[in-house]
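Chemist: Take a look at the following structure, please.
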Amino acid sequence: MTHGLITSVAGPVIKARRDGPITLGEAVRVGHDALLGEVVRLSSTEMTAQVYEDTTGLAPGDMLTGTGAPLSVRLGPHLLGHIFDGLLRPLRHDLAPVSYDVEHMVNPGDRVSAGQKLARVSGPAKDQFILVPAGVAQAEVASIESGSYARDDSVAILRLPDGSEREIALTHTWPVRQPRPVRHRLPADTAMVTGQRILDSLFPVARGGRAAIPGGFGTGKTVLQETLAKWCDADVIVYVGCGERGNEMAEVLHEFPALEDPRTGRPLMERTVIVANTSNMPVAAREASIYTGATVGEYFRDQGFNVALMADSTSRWAEALREVSGRLGELPSESGYPAYLSSRMSEFYERAGRVETLGGGEGSLTIIGAVSPPAGDFSEPVTSHTKRFVRSFWGLDRGRAQARFYPAIHPLQSYSEDAAGLTGWWTAHGNPKWPEQRGRVLDLLEAQAELERMARIVGKDAMPPGQQLTLLCADLVDDAFLRQSAFSEMDRTCSPEKQTAMLSVLMQFFDRATAAVARGADVQAIAELPVYRRVSRMGEEIADGDLDAFVALTAEIDAAIGGLKLEGQDEL
Amino acid sequence: MSFELRATGSVTAIEGPLLFLKRVVKAGLGEAVEVEAADGGVRPGRIVALDEDRIVVELLENTAGLGIDDVVVRFRGEPMTMALGPGLLGRVFDGVGRPRDGGAPVPAMVRKRVDTGTINPALRGLPQDFIETGVSSIDILNSLVRGQKLPIFSAGGLPHDRLAAGIAQTARLRGEGAEGFAVVFAGIGISYDSAEAFRTAMEKSGALEHTAMFLNLASEPSAQRLLTPRYALTAAEYLAFEEGRHVLVILTDMTNYCEALREVSASHGEIPSRKGYPGYMYSDLATIFERAGLVEGKPGTLTQVPILTMPADDISHPIPDLTGYITEGQIVLDRALEHKGIYPPVNVLPSLSRLMDQGIGEGYTHPDHPALAQQLFSSYARATRVRVLSSVVGRDGLTDVDRLYLDFGNTFEDRFVHHEEMRPFEASFAIGWEMLAMLPERELSRLSDKQIARHIAPLRETAGEATDG
Ligand SMILES: Nc1ncnc2c1ncn2[C@@H]1O[C@H](COP(=O)(O)OP(=O)(O)OP(=O)(O)O)[C@@H](O)[C@H]1O
Ligand SMILES: [Mg+2]
């Protein structure tokens, strides 16, 4: 073990003289309380480490010890359903130890290879798996037994080609900064269903995709992340609270156990892992928490699950990088951020993907990062770099948020590069017309922005009926389709079937109204039809699964618009 | 443990608030020191950096008058602490917890670190009890919840002091007896007048005996401003989590706090971030604001209403911006409304209460309260857009509906937002519906048919009867 003598202490950064070899990135234990730290810089006799815990009381002359391993976290079946700090240490210490039912999937004498499933760990929620470690290319099972095991027990023994033996336990450690290997990547052609209409129908994210939610304070990043964590169709959710509020973590902890996963009927908490480094917790651990989250995500991906990782907020992570970099005396680049900001960000987002696992199965890790730009200005470094690395960009708009129009995603500032690859998915899920309908909605919203600029000059009354109708239809898209309250029992999530039905109601309305106006109908009269109000509230009033109601609504549109008196008709 | 180092010859330099000493004792990062000058004054400070030869101390008082040769530095061997015990309420302290009302110090039952109070997020309780403040724009549209941190974003010359004092006197839970809050008031670099005005207001309403005040006045050392909110919050935590009270903490003016932070950071020679404020200002402010909340298994609650003045009325300035990223919403005061004579001049659109959804509705206020709030926001947002439009094309260039919105916007400000006296929740709730009754049903897309029938239709009938009769 290499030791070091601390020579200086400033905030979370310490310097020490060392008496032996130590490596960059190695985890170290610092001072009397063995605080966890990591070597970030080395010279011939000196080393610099960042410390992940409160350094109050540390002094020159205190000792430091190398651990011989890179900064790592413990992965295992104990993660699901619980909350951990930025280095995956439990934040609750009062939980009774549990035992896990393990059932072997291979037999002694079997030949196995990296990533292969050795045993199933069954729980109330979902089965998890113990895999052959990534580093073990080939091995023979020396022993394996089903039974009930405690968290740190060993479950099997593998005999390696060189004759040595390796114990396989329920849990294992993995270096957080090192991506877990896969066989190869698969194309992003499957949608991750979020249950949010503006996302699934307009700006979708594929399984294994990368998305960002930039927005000023209070525009709805956290609520959106929580909503996705609740209702998206992933098997496992990793929720990383990075430098944000303690009460938000409390909210997840209180709410999720009481909510039911509509797909499995189990409490949502059972599919969730929370990594919490709130804004008042040590800043260096904030930097690590993002990698911790990605490592946990990959761990479940490797078992063949579809995982969604929410990181709220990646800006706090970037700021933690900046703070530590400043204390190291590094030369700042844009806005004081270190020059390596962009490469760190790309490394992080690169850990997303849909893959063929080492064991030959399929799994995915989707990363959704919130971005908190200073003053809500999207041109700042973190937002602009993020834009280069994500494929779905969901820009939140202050004006919408202030009008309590939620989710406040601005349709003209958002985009999805995954959309093009998902036509097949929508066709397979009952909506072959999706690309066309999506295009029509986007065109309408584009036209709305243009016409509203014009109305500010000439006044709405002076516009021709065709343009007034465009504005009316765009208002309807906003109100009926894009608005979706996260707090509405009925509307907080919306299945692809319901989205399809709603889109087709809207298309019917546009077509009928356009035809009627062409025949001379008054736009204001259309706006005043009771059916207009019914359509604008359909998300709130018609339950998921009640497709008949949408058919009825379509008929009502036909009857109401068809029955409009046309101008000059009285005289006929 | 506390030991003394005679510093003659040990202090090597004084630069701004920083004192550089030779490292002749073993002391740890963050530990407290007291620096005694020849004039006998004692200045608190803390260790901010150490290496093999040197200790850097940051003094939290004026360093003027300190000499290099004649100071005595006492090392406390522990971080900064505060002695706490019964009898905090009704007292006035200075910015670092020493009595300034001539009374004796409170009995020291416990000593607490002033700079921790990190609540383990896994042990937080969920804030969800609605607090009635008597202000319509808060109670109906941006509700305050027990355990929340909800700042007032104000600006020079706006009546934030009056609003905060009003809330401190009125705030109570609904349905329960008249039991109000214990109030901790931290004056950070404020004028004597502001402090006195608050004290008089509390005295008049008889609430002074439930109030503890911590004052760092404008004339007092700015470095101490970094400590004032921490001492006040340590006392508030004691009142809440040891004595089991519901505590409302008013921190004013956080802008002065941030200025002091910038000053100290500059003297450290740190690379500044936006507008010269240090890059860690977000984390630093979080250590203050995150001290609001509830703790599982502990009886009391700690609610914060910090006040800040936005430099140049600019909400995107780093002080309000970073604050907004930490707190659970904000109440924004607006100069234009103030000019119209509206009190309190709350601009409801940029205002927000993030915990509102947990504390209103069925079982808390009224089942239709959330819908009422949503509809008022949506309609008023439209009204402000129409107002802009009409300033260009004129009232005559508007459509009929838009003219209704224009009237709605003005009436909303005059009748709903504006009220001199504190208004009970029920009255605010009723006026909210009256506002919406000005608009045709088609415009009320946030309300269900039932809600319209329940709250709007009866108003239309009486209005109809009145004109019929
Ligand atoms: N989809 C939604 N449905 C209903 N209400 C919402 C929605 N999104 C946001 N809100 C409202 O807006 C408030 C602020 O949202 P949120 O806390 O998510 O903002 P944020 O962008 O995370 O802000 P910050 O950067 O400060 O953390 C919420 O408390 C909630 O009242
Ligand atoms: Mg947030």
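Chemist: What do you reckon, how do A:Lys498, B:Lys22 stack up by accessible area (1.4 Å probe), largest on top?
Modeler: On the way: A:Lys498 0, B:Lys22 100 Å².
Result, largest first: B:Lys22, A:Lys498.
Chemist: Can I ask one more? Could you give the size of the charge dipole of the protein assembly as shown about its Cα centre, using +1 on the Cβ of each K and R and -1 on the Cβ of each D and E, expressed in debye and rounded to the nearest 20? Intermediate results must be reported in sequence, preceding the final value.
Modeler: Numbers: 103 positive and 138 negative charges, 351 e Å.
That gives a dipole near 1680 debye.
Chemist: Along the stretch A:9-14, what does the Karplus equation 6.51 cos²θ - 1.76 cosθ + 1.60 (θ = phi - 60°) give for ³J(HN,Hα), rounded to whole Hz, x for Gly and Pro?
Modeler: With the stated coefficients, the stretch A:9-14 comes to 9, 8, x, x, 10, 10 Hz.
Chemist: Report the gain in length on full extension from A:Ser44 to A:Ala515: 0.36 nm times residue separation, minus Cα-Cα distance, nm rounded to one decimal.
Modeler: Values: separation 471, 0.36 × 471 = 169.56 nm, distance 8.06 nm.
Length difference between fully extended and current span is 161.5 nm.
Chemist: With r as the distance between the Cβ atoms of A:Asn107 and A:Met454 and R0 = 51 Å, compute the FRET efficiency 1/(1 + (r/R0)^6) and round to 0.05. Don't jump to the answer; show the numbers that get you there.
Modeler: Numbers: r = 75 Å, r/R0 = 1.47.
The formula returns an efficiency of 0.10 here.
Chemist: Sorted by accessible area with a 1.4 angstrom probe, largest first, how do B:Glu443, B:Glu296 fall? Could you put the intermediate results ahead of the total?
Modeler: Working: B:Glu443 20, B:Glu296 85 Å².
The ordering from most to least exposed comes out as B:Glu296, B:Glu443.
Chemist: For A:Leu87, B:Leu126, give the ranking by accessible area with the largest first, probe 1.4 Å. Can you show the working numbers first?
Modeler: Numbers: A:Leu87 10, B:Leu126 35 Å².
Solvent-accessible surface, decreasing: B:Leu126, A:Leu87.
Chemist: Return an integer: the convex hull volume of the alpha-carbon atoms of the stretch B:369-468, in Å³ per residue. Write out the running numbers ahead of the final one.
Modeler: Details: hull volume 11.6 nm³, N = 100.
About 116 Å³ per residue, rounded to a whole number.
Chemist: As I understand it, the dipole of the stretch B:369-468 uses +1 on the Cβ of Lys and Arg and -1 on the Cβ of Asp and Glu, about the Cα centre. Which of B:Phe429, B:Ser448, B:Gly409 lies farthest toward its positive end?
Modeler: B:Ser448
Chemist: To the nearest 10 degrees, how steep is helix A:246-255 against the longest Cα principal axis of chain A, on a 0 to 90 scale?
Modeler: The answer is roughly 70 degrees.
Chemist: Which percent of the Cα-Cα distances in the stretch A:366-461 go past 15 Å? Walk me through the numbers on the way to the answer.
Modeler: On the way: 3328 of 4560 pairs.
The calculated P(r) of the stretch A:366-461 puts 73 percent of pairs beyond 15 Å.
Chemist: Continuing with the same structure: Computed FRET efficiency, Cβ-Cβ of A:Arg185 and A:Leu259, R0 25 Å: what is it to the nearest 0.05? Show your work: numbers first, answer last.
Modeler: Working: r = 33 Å, r/R0 = 1.31.
Efficiency, rounded to the nearest 0.05: 0.15.
Chemist: Where nothing but the Cβ of Lys and Arg (+1) and of Asp and Glu (-1) is charged, how large is the charge dipole of chain A around its Cα centre, in debye to the nearest 20? Present the calculation step by step, with values, prior to reporting the outcome.
Modeler: On the way: 57 positive and 75 negative charges, 234 e Å.
Dipole size: approximately 1120 debye.
Chemist: By how many nm would the segment from A:Ser379 to A:Leu24 grow when fully extended, if each residue of separation counts as 0.36 nm and the alpha-carbon distance is taken off?
Modeler: Gain on extension, A:Ser379 to A:Leu24, equals 124.4 nm.
Chemist: OK, next. So if we plug the beta-carbon distance of A:Asp461 and B:Arg415 into 1/(1 + (r/R0)^6) with R0 = 22 Å, what FRET efficiency do we get, rounded to 0.05?
Modeler: Values: r = 29 Å, r/R0 = 1.31.
Efficiency computed from Cβ-Cβ geometry: 0.15.
Chemist: At a 1.4 Å probe radius, carbon and sulfur cover how many percent of the accessible area of the protein assembly as shown? Intermediate values should be presented prior to the final figure.
Modeler: Numbers: 19550 of 38070 Å².
For the protein assembly as shown, the apolar C and S fraction of the accessible surface comes to 51 percent.
Chemist: Under a 1.4 Å probe, what is the accessible area of the stretch A:300-389 per residue, stated in Å²? Intermediate values should be presented prior to the final figure.
Modeler: Numbers: 2570 Å² over 90 residues.
Heavy-atom SASA per residue in the stretch A:300-389 reads 29 Å².
Chemist: Counting only helical runs of four or more DSSP H residues, what would the 222 nm mean residue ellipticity of chain B come to if each run contributes -39,500 (n - 2.57) and the total is spread over all its residues?
Modeler: Working: 13 runs with 140 residues, N = 469.
Dividing the helical sum by the residues of chain B leaves -9000 deg cm²/dmol.
Chemist: Which translational diffusion coefficient, to the nearest whole µm²/s, is obtained for chain A from the Stokes-Einstein equation, given a Kirkwood hydrodynamic radius over C-alpha pairs, 20 °C and 1.002 mPa s? Intermediate results must be reported in sequence, preceding the final value.
Modeler: Details: Rh = 26.3 Å.
So the translational diffusion coefficient is about 82 µm²/s.
Chemist: Between the alpha-carbon centers of the stretch A:234-283 and the stretch B:353-429, tell me the distance in whole angstrom.
Modeler: When both Cα centres are located, 34 Å separates them.
Chemist: Next question. Mind checking the angle between helix A:434-458 and chain A's longest principal axis? C-alpha axes, 0 to 90 degrees, to the nearest 10.
Modeler: Tilt relative to chain A: about 70 degrees.
Chemist: Can you give me the distance in nm between label points at B:Thr116 and B:Ala64, each placed 7 Å from the Cα along the Cα-to-Cβ direction?
Modeler: 3.7
Chemist: For a quick check: with amide H placed at 1.01 Å from N, whose amide H comes under 5 Å from B:Ser351's, ignoring anything fewer than 5 positions away on the same chain?
Modeler: HN-HN under 5 Å from B:Ser351: B:Val332.
Chemist: Let me ask another. Count, for each residue of B:311-322, the Cβ atoms from other chains sitting within 10 Å of its Cβ, then give me the mean as a whole number. Let's see the in-between values first.
Modeler: Numbers: counts 0, 0, 0, 1, 5, 5, 1, 2, 0, 2, 8, 4.
Mean partner-chain Cβ count within 10 Å for B:311-322: 2.
Chemist: Chain pair B, A: how much accessible area is buried, both chains summed, with a 1.4 Å probe, in Å² to 100? Please report the intermediate quantities before stating the final value.
Modeler: Details: alone 19840 and 24030 Å², together 38070 Å².
The B and A chains share an interface burying roughly 5800 Å².
Chemist: Any chance you could look up the accessible area of A:Phe550 with a 1.4 Å probe, heavy atoms only, rounded to 10 Å²?
Modeler: Using a 1.4 Å probe on the heavy atoms, I get roughly 10 Å².
Chemist: When DSSP assigns beta bridges and you keep just the ones with both residues in chain A, what percent turn out antiparallel, to the nearest 5? Walk me through the intermediate numbers first.
Modeler: On the way: 69 of 96 bridges.
Here the antiparallel bridges make up roughly 70 percent for chain A.
Chemist: In Å², what does the accessible area per residue of the stretch B:294-397 work out to with a 1.4 Å probe?
Modeler: On the way: 3440 Å² over 104 residues.
I get 33 Å² per residue for this part.
Chemist: With every protein chain left in place and a probe of 1.4 Å, what is the accessible surface of A:Ser342, to the nearest 10 Å²?
Modeler: Roughly 30 Å² of A:Ser342 is accessible to a 1.4 Å probe.
Chemist: I need the Debye-formula profile for the stretch B:3-79: one equal scatterer per C-alpha, no solvent, reported as log10 I(q)/I(0) at q = 0.13 1/Å, two decimals.
Modeler: With no solvent term, the Cα-only Debye profile gives -0.30.
Chemist: Report the antiparallel proportion of the DSSP beta bridges in the protein assembly as shown as a percent, rounded to a multiple of 5. The partial results should precede the final answer.
Modeler: Details: 115 of 171 bridges.
Once the DSSP bridges in the protein assembly as shown are tallied, antiparallel ones form about 65 percent.
Chemist: DSSP beta bridges in the stretch A:184-416, what fraction antiparallel, as a percent rounded to 5? Each step should come with its number before you reach the end.
Modeler: Working: 13 of 38 bridges.
About 35 percent, rounded to the nearest 5.
Chemist: According to a simple spin-label model (label point 7 Å from Cα along Cα-to-Cβ), what is the distance in nm between A:Thr171 and B:Ala38?
Modeler: Distance between the two pseudo-spin positions: 6.1 nm.
Chemist: Ignoring everything except DSSP H segments at least 4 long, calculate the 222 nm mean residue ellipticity for chain A; use -39,500 (n - 2.57) per segment, divide by total residues, nearest 500. Mind dumping the intermediate values first?
Modeler: Values: 15 runs with 176 residues, N = 572.
About -9500 deg cm²/dmol.
Chemist: While we're looking at this one, here's another question. Which length gain, in nm to one decimal place, applies between A:Met1 and A:Glu347 when the Cα-Cα distance is subtracted from 0.36 nm times their residue separation?
Modeler: Numbers: separation 346, 0.36 × 346 = 124.56 nm, distance 3.09 nm.
Extra length available between A:Met1 and A:Glu347 comes to 121.5 nm.
Chemist: May I ask you to find the residues of the stretch B:125-146 that are shielded by at least 30 Å² of accessible area once the whole protein assembly is considered instead of their isolated chain (probe 1.4 Å)?
Modeler: Listed by number, the residues meeting the 30 Å² cut-off are B:Leu126.
Chemist: Would you tell me the mean number of C-beta atoms belonging to other protein chains that fall within 10 Å of each C-beta in A:531-540, as a whole number?
Modeler: On the way: counts 0, 2, 6, 1, 0, 3, 5, 0, 0, 3.
Mean partner shielding for this stretch: 2.
Chemist: What accessible area, in Å² to the nearest ten, does a 1.4 Å probe give for A:Met105?
Modeler: Accessible area of A:Met105: about 80 Å².
Chemist: Evaluate peptide A:517-529: per residue, the Cβ atoms of other protein chains within 10 Å of its Cβ; return the mean as an integer.
Modeler: On the way: counts 0, 0, 0, 0, 0, 0, 0, 3, 0, 0, 3, 4, 1.
Average per residue, whole number: 1.
The values are calculated or read from the model by the stated rules, or taken from the named source; none is laboratory data. All values derive from a computational prediction rather than experimental measurement. Methodologically, a virtual Cβ is constructed for each residue, glycine included, from the backbone with ideal geometry; neighbour enumeration extends over all protein chains shown. These area figures cover heavy atoms from the full protein model, side chains too; ligands, DNA and RNA do not enter into them. Shrake-Rupley method; radii C 1.70, N 1.55, O 1.52, S 1.80 Å.
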